[in-house]
1. Residues in the stretch A:518-529: is at least one in a helix (DSSP H, G or I) and touching a residue at least 12 places away in the same chain (Cβ under 8 Å)?
2. When you go through A:Thr143, A:Thr75 one by one, which is the residue that is part of a loop (DSSP other than H, G, I, E, B) and not basic (Lys, Arg)?
3. So which strands (runs of 3 or more DSSP E) are wholly in the stretch A:626-729 and hold at least 1 residues that are within 14 Å of chain B (Cβ to nearest Cβ)?
4. Taking the stretch A:700-725 as the region of interest, how many residues are modelled with pLDDT under 95 and farther than 20 Å from A:Phe392 by Cβ?
5. Could you list, in sequence order, the residues of the stretch A:159-180 that are outside any helix (DSSP H, G or I), among the charged types (D, E, K, R) and touching a residue at least 40 places away in the same chain (Cβ under 8 Å)?
6. Would you confirm whether any residue within the stretch A:530-539 is under 17 Å from A:Ala621 (Cα atoms) and in contact with a strand residue (DSSP E or B) (Cβ under 7 Å, 6 or more places away or on another chain)?
Amino acid sequence: MKLEEATAYTEKCFHGEPASCSYVCPFHLDIRSFMARAAEGKWSRAYKQLREATVFPYIVSVLCEQPCRTRCQRTLLGDEAIAMRDVEAACVRYVKNKKPQSYAIPPKKERIAVVGAGIAGLSCALNLAQKKFNVTVFEKEDTWGGVLRSHARFAEFDEEIKLQFSAVKVDFRFNAEITSLEELAEYDAVYVATGADGEAFGLLDSWNAELFSTAENKVFLGGMLTGASLMESIAQGIAASKIIEGYLQTGKAALTPDMYYGKECCGRYLDHEGAVSKPLVVASSPDGYTEEEAKQEAARCLQCDCDKCMAACEMLKRFKKTPKMIAVEVFADTQNNPPFSTRSLTRQAYSCNICGYCKSICPENVDIGSLLQLSRRVRMNDGVHPAALHDFWLREMDFATSEASYTAAPRGKDSCEYVFFPGCQLGASNPEYVLKTYAYLEQKYSCGVMLACCGAPAYWAGDDKRMADNLQRIRQGWEKLGKPVFIFACATCESLFAQFLPEIRRISLYELLAEDESIIPARPFAEAAVFDPCNARGDAKMMQGVRKLAEKAGVAVEELKEKNRCCGHGGHIRVANPSLFEEIAHNRTAASEKPYIVYCVNCREVFSLRGKEAVHILDMAFATGNSDKLPTLAEKRDNSLEVKKKLMAGIEGKDFAPEKHAWDDLVLLIDDETQKEMEQKLISAGDLKEAIWLAETSGRKFVDENDGMCLASMAKPVITYWVQYREVKPKTYQVHSAYYHRIRIREEE
Amino acid sequence: MTDKERKWKCGKCQKELVPQKVIFTYLGHTFSHDVPSCPECGQVYISKELAEGRIAELEEELEDK
């Protein structure tokens with residue numbers, strides 16, 4: 001993988017970029033962090049930042065025209081912009097130590113002449129002197145300051161200049177007018193800043209406004225001489241010092257990347273949802289803010305930075321990485337050679353619901369889910385994926401696409417106009433969902449049925465091969481049925497078809513049901529919130545269909561503030577990150593106090609298990625029974641086979657006989673607590689039956705002779721299951737506990 | 001009766017278990033540890049406590065590598 005393949009996903013993310021105010025600041029001061037420091041009264045750190053950016057913080061705090069205030073996003077809330085200069089002035093006033101730092105760097109041999117001791121020349125000279133260049137300033141007057149000398153507060157500015165030059169060595173030559181550049185032939189570089197209408201030595205026409213360079217190789221121009229304002233003159237002097245430094249090192253004038261944003265406006269204003277209006281802090285004294293007032297004013301800064309995804313997504317919050325950091329790690333992880341280096345992203349890659357919520361709220365549509373899905377795919381293709389994290393669902397997918405799969409045209413037909421695709425979990429959750437729906441569809445339309453899997457487990461595991469094989473099977477079935485329109489009951493199935501099988505026409509079951517006047521759904525609640533599954537996002541017809549049905553039933557529908565959020569099931573993160581799964585499931589359960597109407601069986605299971613009243617829209621439409629009890633993992637498989645058996649009998653008059661295993665006849669007695677634990681650990685009673693049968697037929701088990709307790713293990717390709725049990729009567733066993741591990745015991749291999 | 005109080009014997013060999021060096025592998029890593037096993041056939045006993053405690057921690061560590 002190339003770095004660009006990963007970073008392309010987050011290229012448009014602008015988290016961490018300068019705020020709108022910084023773009024327009026002549027010094028490109030990071031105003032956001034300056035204000036954050038000021039708000040905490042960290043004057044020393046705030047002053048250091050101001051000094052580094054502006055060189056003369058006191059002068060700037062008095063004279064800056066504050067263009068930042070024209071771009072302050074506080075004004076979007078109807079408030080006055082942050083009083084930047086007043087906070088700067090407070091910072092300069094309340095900082096304890098203003099003494100400039102002397103840097104321990106070796107002196108340089110190059111000599112630089114600065115012509116003009118106005119503010120532009122001084123700022124350039126000061127910066128170069130700090131870098132230990134030999135700087136000589138030529139000034140035709142008898143002192144420094146240029147136009148500032150006519151200012152009423154020049155005495156204060158004079159003190160500031162003295163202070164800032166107190167830690168450097170600069171050769172000031174006053175009353176020394178330069179009339180020709182030939183006088184400066186011995187210098188390695190020259191900065192001409194002779195003020196408005198000053199001497200330009202005929203170089204103004206060739207002046208490059210970005211690089212300050214001229215037709216004369218070593219001569220640079222800046223300040224009011226070039227038409228700049230006072231503040232721009234200081235900023236130019238600072239920028240020119242960096243360009244001159246580069247020129248002395250390389251012989252070429254070039255932009256340094258840290259100083260140039262390339263544009264005056266970021267064009268990215270945030271919506272500041274939830275931000276509260278706060279009036280400008282007015283100083284209680286004519287001398288300016290008290291320390292407390294300055295802190296309060298600085299605290300009004302909105303700290304404009306986009307962190308929408310990181311604020312909304314539990315996963316991003318937990319891992320505390322910015323989108324761009326994640327992209328670099330997705331790439332970096334592919335460069336490691338196990339076992340010598342560390343993969344830093346594995347847990348996060350498998351903790352993402354891939355629900356698309358981040359993308360939906362991102363102003364630039366950055367999709368972290370797709371990026372982490374890429375990471376899963378790369379790992380799977382490289383054979384370095386932690387298989388145990390998705391093994392359970394891939395086994396379920398294999399079951400749904402083999403033994404439990406069934407494709408048929410309607411009774412007596414070879415082809416059909418529609419085919420019902422319930423998805424693997426609908427019938428597993430409750431056979432009636434599929435059977436009643438198909439009975440309805442078959443009566444109304446030329447409609448066949450396809451019991452299969454859309455491939456979500458493979459997609460979420462990053463298993464390209466399984467995904468492709470499954471798509472091929474679906475495509476073949478579709479063609480065999482005469483390319484019918486697919487009717488979906490599951491939003492995940494429909495969204496994966498839209499992505500991977502766009503040639504197949506699709507319609508939502510709920511849209512069809514909503515259009516049918518004869519369907520009067522049951523009314524389980526007077527009021528309810530519709531919980532839209534994450535994968536229904538953007539599918540307005542599906543979402544509307546469910547609402548119409550709910551309204552037809554007479555339910556007053558509440559809209560959730562955040563729609564199409566993942567219930568926790570998405571991306572199959574449960575094994576990789578159980579506590580995160582729990583946190584997400586809890587948050588969604590608590591998103592409304594009202595009961596939920598859902599149209600995804602996975603959502604329903606998540607909510608029901610947490611005691612939340614949740615009714616599937618099909619329960620309402622077809623008055624299906626038995627919807628309160630959630631089936632166990634083993635019952636889900638049985639339900640899927642029952643659906644197939646009944647449909648096959650109804651459509652073809654054939655009797656479906658599921659594959660018979662030697663252990664099917666065993667009876668397991670499992671108490672509620674053990675069963676609950678098994679469900680949580682995704683241990684199916686079917687696997688335990690097989691383990692017990694293997695142990696009993698081979699004798700390979702452990703026995704406690706005191707009470708006849710047995711312990712057996714069974715190593716499946718990825719997981720090793722253990723079961724502690726006791727025979728109650730022939731072929732009947734009481735299960736006492738079940739657990740598993742992922743590591744392999746060498747003898748198992 | 002807790003797991004620790006149990007006297008497991010190998011169901012096949014009827015031998016009491018003794019700690020033996022067992023080799024484990026996971027995600028390309030190999031390591032060994034003393035675990036109760038049958039002295040005759042080598043059948044390895046992993047208790048629930050071990051599987052859900054130290055082994056689970058180790059698995060997570062190796063998955064994060």
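1. No, there is no match, as no residue in the stretch A:518-529 is in a helix (DSSP H, G or I) and touching a residue at least 12 places away in the same chain (Cβ under 8 Å).
2. Selected residue: A:Thr143, the only one of A:Thr143, A:Thr75 that is part of a loop (DSSP other than H, G, I, E, B) and not basic (Lys, Arg).
3. A:702-704, A:709-715, A:720-729
4. 4
5. Residue satisfying the conditions is A:Lys169 alone.
6. The answer is yes; a qualifying residue exists.
Per-residue answers, yes or no, for (1) over 21 Å from A:Pro578 (Cα atoms); (2) of a type in the set (A, V, I, L, M, F, W, C); (3) in a loop (DSSP other than H, G, I, E, B); (4) within 22 Å of the chain's Cα centre (by Cα):
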{"residue": "A:Phe331", "(1), (2), (3), (4)": "yes, yes, no, yes"}
{"residue": "A:Arg347", "(1), (2), (3), (4)": "no, no, no, yes"}
{"residue": "A:Lys359", "(1), (2), (3), (4)": "yes, no, no, yes"}
{"residue": "A:Gln373", "(1), (2), (3), (4)": "no, no, no, yes"}
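One line per residue, one yes/no per condition, for (1) more than 14 Å from A:Ala193 (Cβ to Cβ); (2) of a type outside the set (Ser, Thr, Tyr):
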site: A:Cys91; (1), (2): yes, yes
site: A:Asn97; (1), (2): yes, yes
site: A:Tyr103; (1), (2): yes, no
site: A:Ile112; (1), (2): no, yes
site: A:Ile119; (1), (2): no, yes
site: A:Thr136; (1), (2): no, no
site: A:Glu141; (1), (2): no, yes
site: A:Trp144; (1), (2): no, yes
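The values are calculated or read from the model by the stated rules, or taken from the named source; none is laboratory data. Given the structure is predicted, the values throughout are model-derived calculations rather than measurements. Every residue, glycine among them, receives a Cβ derived from its backbone with ideal geometry; neighbour counts consider all protein chains shown.
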